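Written below as C-alpha cells is the structure these notes are about.
The values are calculated or read from the model by the stated rules, or taken from the named source; none is laboratory data. Being a predicted model, the structure only gives us computed values, none of them experimental. Neighbour counts are summed over all protein chains in view; Cβ atoms, including those assigned to glycine, are modelled from backbone coordinates with ideal geometry.
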Amino acid sequence: MSDQLTTAPQELYEGFEIHVVPSPTRANSTRYTYTGYVCHPGADPQLPGHVVPFHADGDDTFHSPEEAMEEAMHVARSIVDGTHPDLSVLSIVTHGY
C-alpha cells in the first residue's frame, strides 16, 4: 500500500474506516481520479491482507477532487455493505484484521 494512502480516515462507516485520496489524472491535470481502501479501525495498511483496496474503474474521471471523493465514498460504502459486484470486506473480517 502506498504511503500516499496512509492518511486519516475520511469516514467511519459500519465499523470500518474508509480512506480515500483524490488526485489529478496523468493524462489531464484538470480531471481527477481516486484510490482508497477500507479497513478495520487501527489496521496497518502496510501489512498484506489488512485492507480492501479500490480505485476508479478504467477511464473514469471526475471534474473535481470533491466529485472524485463523493464517488469513492459511494464505492467504499458498497464494499462494506456487501453490494459491490467485485469487492468485499469478508477477507478482513474472517482473518480478524
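In the range 41-60, what residues are in contact (Cβ under 8 Å) with a residue 24 or more places away in the chain and crowded, with 17+ Cβ neighbours inside 10 Å?
Across the range 41-60, the qualifying residues are 43, 45, 50, 51, 52, 54.
If you go through the range 79-97, how many residues are of a type in the set (Gly, Ala, Ser) and surrounded by 16 or more Cβ atoms within 10 Å (Cβ to Cβ)? Steps first, please.
Step one: list which residues in the range 79-97 are of a type in the set (Gly, Ala, Ser), which gives 82, 88, 91, 96.
Going one step further and asking which of them are surrounded by 16 or more Cβ atoms within 10 Å (Cβ to Cβ), we end up with 88.
So the count comes out to 1.
Can you tell me which of 76, 43, 72, 68 is part of a loop (DSSP other than H, G, I, E, B) and in contact with a strand residue (DSSP E or B) (Cβ under 7 Å, 6 or more places away or on another chain)? It would help to see each step written out before you state the result.
Values: 76 fails: part of a loop (DSSP other than H, G, I, E, B); 72 fails: part of a loop (DSSP other than H, G, I, E, B); 68 fails: part of a loop (DSSP other than H, G, I, E, B).
Only one candidate passes the filter, namely 43.
Just name the residue that is nearest to residue 86 (Cα to Cα) out of those in the range 17-40 that are surrounded by fewer than 21 Cβ atoms within 10 Å (Cβ to Cβ) and touching a helix residue (DSSP H, G or I) at 6+ places or on another chain (Cβ under 7 Å).
Across the range 17-40, the extreme among qualifying residues is 35.
So, in the range 34-74, how many residues would count as being over 15 Å from the mean Cα position of the chain (by Cα), within 21 Å of residue 93 (Cβ to Cβ) and among the small types (Gly, Ala, Ser)?
1
Here are the criteria: (1) touching a residue at least 12 places away in the same chain (Cβ under 8 Å); (2) assigned to a loop (DSSP other than H, G, I, E, B). Tell me which single one residue 86 does not satisfy.
(1)
Can you tell which of 31, 77, 26 is at pLDDT 95 or above, of a type outside the set (A, V, I, L, M, F, W, C) and over 14 Å from the mean Cα position of the chain (by Cα)?
Working: 77 fails: over 14 Å from the mean Cα position of the chain (by Cα); 26 fails: at pLDDT 95 or above.
31 is the lone residue from the list that is at pLDDT 95 or above, of a type outside the set (A, V, I, L, M, F, W, C) and over 14 Å from the mean Cα position of the chain (by Cα).
Take residue 68 and tell me if it is in contact (Cβ under 8 Å) with a residue 12 or more places away in the chain and farther than 16 Å from residue 13 by Cβ. Steps first, answer last, please.
Values: in contact (Cβ under 8 Å) with a residue 12 or more places away in the chain: yes; farther than 16 Å from residue 13 by Cβ: yes.
Considered against the rule, which asks whether it is in contact (Cβ under 8 Å) with a residue 12 or more places away in the chain and farther than 16 Å from residue 13 by Cβ, residue 68 comes out as yes.
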